[in-house]
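Structure first, commentary second.
The values are calculated or read from the model by the stated rules, or taken from the named source; none is laboratory data. What you see is a predicted model; the values in this text were computed from it and never measured. Note that each Cβ is placed from the backbone with ideal geometry, even for glycine, and that neighbours are counted across all protein chains shown.
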Amino acid sequence: MNKYIKKYSILLIVLIAFQSLLQMLVLSQLQIILLDMGVEFEKLSSITNTILSAIPFLINIVLALVILKDLTINKIKGIPIVLLTVISHLAGVLFFLFIIHSQINSNDK
């Protein structure tokens, strides 16, 4: 259980930092690049907003795939947990840890 807590706490910290870095990069550099290319301000704003809203979703998908891999290794069918992770990374990881904890406790008995 401790290895999963360590693994997912490190993974969450890395992914949240990576998400913040990507968002800062998009806000600072992408706007400059698009303005140099001659993109209108309205289109620039919509492109930036679309990318900024897609970054957390993509990060959640990566985390959901890692959780799905660990679920299949432990022979747990947890499609709702994977779907929850796509929506919210924190909730998905918490429910994953609850499921793993109950699986380890049931195997010990």
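The rows are residues; the columns are (1) aromatic (Phe, Trp, Tyr); (2) within 19 Å of the chain's Cα centre (by Cα); (3) over 30 Å from ILE104 (Cα atoms).
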position	(1), (2), (3)
VAL14	no, yes, no
LEU21	no, yes, yes
LEU25	no, yes, yes
ILE47	no, no, yes
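Answer with yes or no whether LEU71 is out of contact with any helix residue (DSSP H, G or I) (no Cβ under 9 Å at 6 or more places or on another chain), at pLDDT 90 or above and hydrophobic (A, V, I, L, M, F, W, C). Answer is no for this residue.
Between ASN49, ASN60, the distinction of being over 30 Å from PHE96 (Cβ atoms), out of contact with any strand residue (DSSP E or B) (no Cβ under 9 Å at 6 or more places or on another chain) and either at pLDDT 90 or above or among the basic types (Lys, Arg) (or both) belongs to ASN49 only.
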